[in-house]
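*Asks:* The structure is given below, and queries will be raised subsequently.
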Amino acid sequence: MQIIKELKKERTQVLKELLHLRETLKVEIDINFGEGDPELVERDRAISLIREQERKLDALDQALQRARQGAYGICERCGQPIDPARLEAVPDTTLCVNCKMISERQQRYSR
Ligand SMILES: [Zn+2]
């Protein structure tokens with residue numbers, strides 16, 4: 001199935017990026033930081049990037065699992081097919097545009 005290949009490719013990219021980011025952290029962890037040090041800012045940035053990539057990895061894993069079950073492209077919230085154009089733009093999505101908007105709004109309020 002073509003989509004599984006695509007998702008795996010993307011997953012490999014994310015893993016590579018994560019590895020690279022973790023290396024960045026490892027190098028800088030030996031330095032003694034003071035408040036507002038550029039290294040500290042850099043480190044914070046790397047940490048938030050890692051969180052972002054890990055979320056993406058999770059989403060990709062879910063999408064892969066769904067693809068294997070033949071449920072790829074079905075919104076997991078409302079069960080409607082997801083717009084193919086959206087799938088092409090965001091291959092790891094498990095939500096249709098409407099549900100994505102709703103869940104983003106909920107996330108924003110819960111923060
Ligand atoms: Zn939906």
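The values are calculated or read from the model by the stated rules, or taken from the named source; none is laboratory data. On a predicted model such as this, the values are computed, not experimentally measured, just so you know. Because the Cβ atoms are built from the backbone with ideal geometry, glycine has one as well, and the counts that use them run over all protein chains shown.
*Asks:* So which residues in region 47-70 are in a loop (DSSP other than H, G, I, E, B) and surrounded by 14 or more Cβ atoms within 10 Å (Cβ to Cβ)?
*Replies:* none
*Asks:* Taking only region 64-94 into account, find how many residues are in contact (Cβ under 8 Å) with a residue 12 or more places away in the chain and hydrophobic (A, V, I, L, M, F, W, C).
*Replies:* Residues in region 64-94 being in contact (Cβ under 8 Å) with a residue 12 or more places away in the chain and hydrophobic (A, V, I, L, M, F, W, C): 6 in total.
*Asks:* Working only within region 73-88, note down all residues that are more than 14 Å from the ligand (Cβ to nearest atom) and modelled with pLDDT of 90 or more.
*Replies:* Residues satisfying the conditions are PRO84, ALA85.
*Asks:* Let me ask something else about it. Which residue pairs have Cβ atoms under 9 Å apart, sit 6 or more places apart or on different chains, and have a first residue in region 95-107 that is closer than 17 Å to GLN62 by Cβ and within 13 Å of the ligand (Cβ to nearest atom) and a second that is assigned to a helix (DSSP H, G or I) and among the charged types (D, E, K, R)?
*Replies:* Final answer for the pair search is CYS96/ARG86; LYS100/ARG86.
*Asks:* Look through region 32-46, keep the residues that are surrounded by 11 or more Cβ atoms within 10 Å (Cβ to Cβ) and over 30 Å from ASP92 (Cα atoms), and return whichever of them is modelled with the lowest pLDDT.
*Replies:* PHE33
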